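Here is the structure we will look at.
Nothing in this text is a laboratory measurement; each read-out follows from the coordinates by a stated rule. Just so we're clear, the structure is a prediction, and the values are computed from it rather than from any experiment. As a convention, Cβ positions derive from the backbone with ideal geometry for all residues, glycine included, and neighbour counts pool all protein chains shown.
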Amino acid sequence: MSKKRKKSAGSCKCQVWLKQHPKKAAIIAIAVLAVIVLAWLGCKVAFDPLRGKQDSWLILDVSANSKSPSYQHLADFTIPAGYARDDYSLYKDGVQQDFFIIAEDESAVVQDVYVTGAKGISAADYPAVVLSYGLHKEAGEPRTLTLNGQACSAVYLVSDESQWDGEGMAIAHMSFYFDTGSNACVSATLRSGTMDFSQVPDEAAMLAAAERLLAGLTIVK
């Protein structure tokens with residue numbers, strides 16, 4: 001008998017058996033479907049970067065097209081003592097996570113910290129982009145340093161707040177940018193309170209504060 005005839009005969013026998021045992025056939029069909037679904041779920045879980053998602057995770061959609069998001073766990077961030085997390089977030093999709101924390105002590109050198117992700121830019125390039133906005137009264141030179149054992153780029157600047165808070169008022173900012181190994185970097189910006197320009201904390205003071213406030217920031221690579 002040819003292979004085609006054998007195959008046809010086997011198919012006929014299978015069809016006859018299925019007709020004679022409809023309940024067993026239904027059970028087999030359900031079992032096969034269950035195996036397929038479980039296999040699909042298993043693959044999805046195995047490759048899901050957000051498996052076990054925690055409140056301490058910094059999460060960003062690193063896709064080029066927001067219609068097909070690709071969420072990445074870029075860093076972990078532990079909120080330092082003396083600061084509380086505010087409910088502000090740049091993201092509204094319920095998946096991406098950033099951190100805006102505010103000092104509980106109004107006399108603290110740094111009054112708020114914002115930690116987020118930025119896609120499509122490297123840590124080395126970020127300071128130049130920030131400075132190009134021209135929204136500062138004074139700025140230091142972009143620098144490369146190691147903060148708590150992690151390499152980053154950094155820039156210090158002072159913004160003029162006279163328009164909103166009175167003549168001579170200003171805020172000191174210092175931002176740190178960490179590469180993540182993907183199409184994104186992690187940005188952490190520290191700001192002083194609003195005060196007279198002559199009294200804003202200098203770069204050394206902001207860097208010293210950053211070493212403590214960003215001690216709980218760990219980049220995931």
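By count of other Cβ within 10 Å, fewest leading, how are Thr180, Thr218, Thr144 ordered?
Values: Thr180 23, Thr218 18, Thr144 12.
Going from sparsest to densest Cβ surroundings: Thr144, Thr218, Thr180.
If you put +1 on each Lys and Arg Cβ and -1 on each Asp and Glu Cβ, how big is the dipole of region 57-219 around its Cα centre, in Debye rounded to 20? Show your work: numbers first, answer last.
Numbers: 8 positive and 22 negative charges, 139 e Å.
Dipole about the Cα centre, nearest 20: 660 debye.
Would you list Leu207, Leu90 from fewest to most Cβ contacts within 10 Å?
Details: Leu207 18, Leu90 10.
Final ranking by Cβ density, sparse to dense: Leu90, Leu207.
Rule-of-thumb check for region 108-194: C-alpha Rg over 2.2 N^0.38 Å? List each step's numbers first, then the result.
Values: Rg = 13.5 Å, N = 87, 2.2 N^0.38 = 12.0 Å.
Rg over 2.2 N^0.38 Å, computed on Cα atoms: 1.13.
Which distance in Å, rounded to a whole number, links the C-alpha centroids of region 177-221 and region 93-113?
So the separation of the two Cα centres works out to 11 Å.
Pull out the extension gain between Glu106 and Asp55, defined as 0.36 nm times the separation in residues minus the alpha carbon to alpha carbon distance; nm, one decimal.
On the way: separation 51, 0.36 × 51 = 18.36 nm, distance 2.60 nm.
Full extension from Glu106 to Asp55 adds 15.8 nm.
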